[in-house]
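Here the structure is laid out as structure tokens; the discussion comes afterwards.
The values are calculated or read from the model by the stated rules, or taken from the named source; none is laboratory data. Because the structure is predicted, anything quoted here is derived from the model rather than measured. Here Cβ is always computed from backbone atoms with ideal geometry, including for glycine, and neighbour counts include all displayed protein chains.
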Amino acid sequence: MPRPRSEEARRKVLVASATLMVERGAGNLSIEEVAARSGVAKTTIYRHWPDRSSLMIDTVRATIEHVGVPDTGTLRGDLDAYFGAMVRSDLDGGIGQLMPCLLEAASRDDEIEGVLDRLMDERRAVIERILRRAQARDELPDDLDMEIFVGTVVGPIVFRKVVQRRPLTPEYISGCLDVALTGLTRSLTD
């Protein structure tokens with residue numbers, strides 16, 4: 001178990017890192033600025049995060065509401081639970097402010113592109129586990145193209161947040177799920 005002082009330093013570093021990423025952009029994040037903003041020594045920061053990438057990944061992870069892989073017994077219930085957590089994180093600030101910074105910086109910075117890829121792979125893996133469970137319950141066909149389905153659901157969400165810069169709402173997420181699931185069930189009956 002981490003010592004209380006160590007946990008407090010970790011929290012200060014993650015808050016400072018998130019604040020700096022939003023204020024100055026993810027590409028401009030530096031350990032030196034995080035140390036100055038947080039009041040935590042650089043040596044302590046490097047003891048927990050060997051490089052800027054690992055600090056960025058933990059910063060984003062700390063802002064995402066931990067959902068795990070919801071298991072409500074239905075595909076729709078699982079997707080509602082998973083994306084509901086996304087809405088809560090967005091409405092509370094957190095990831096809703098950080099993700100656009102990362103997406104923008106990733107187009108110019110290979111290191112940040114790698115950070116974003118790792119984070120997106122983690123999120124995609126959760127959705128794919130939800131879909132595989134739905135396949136096991138015979139809610140989805142075994143030959144479902146998961147990449148296309150995930151893109152159909154996630155694409156409009158990212159577009160709304162990053163391109164339109166509009167908040168995610170429960171109603172919007174529900175509408176995206178309705179369209180994706182309706183399209184899927186129609187294609188199954190054709």
Can you confirm whether Glu147 is farther than 21 Å from Ile64 by Cβ, at pLDDT 85 or above and in contact with a Leu (Cβ under 6 Å, 6 or more places away or on another chain)? no
Just checking, how many residues over region 106-157 are acidic (Asp, Glu) and within 19 Å of Asp58 (Cβ to Cβ)? 6
Go through (1) modelled with pLDDT of 90 or more; (2) surrounded by fewer than 21 Cβ atoms within 10 Å (Cβ to Cβ) for Gly25 and report which single condition fails. (1)
Just name the residue that is farthest from Leu102 (Cα to Cα) out of those in region 36-81 that are in a loop (DSSP other than H, G, I, E, B) and among the charged types (D, E, K, R). Asp71
Return the residue satisfying two criteria in turn: it lies in region 3-35 and is part of a helix (DSSP H, G or I) and among the basic types (Lys, Arg), and of such residues it is nearest to Leu103 (Cα to Cα). Arg24
Would you confirm whether any residue within region 6-15 is among the aliphatic types (A, V, I, L, M), at pLDDT 90 or above and over 23 Å from Leu116 (Cβ atoms)? yes
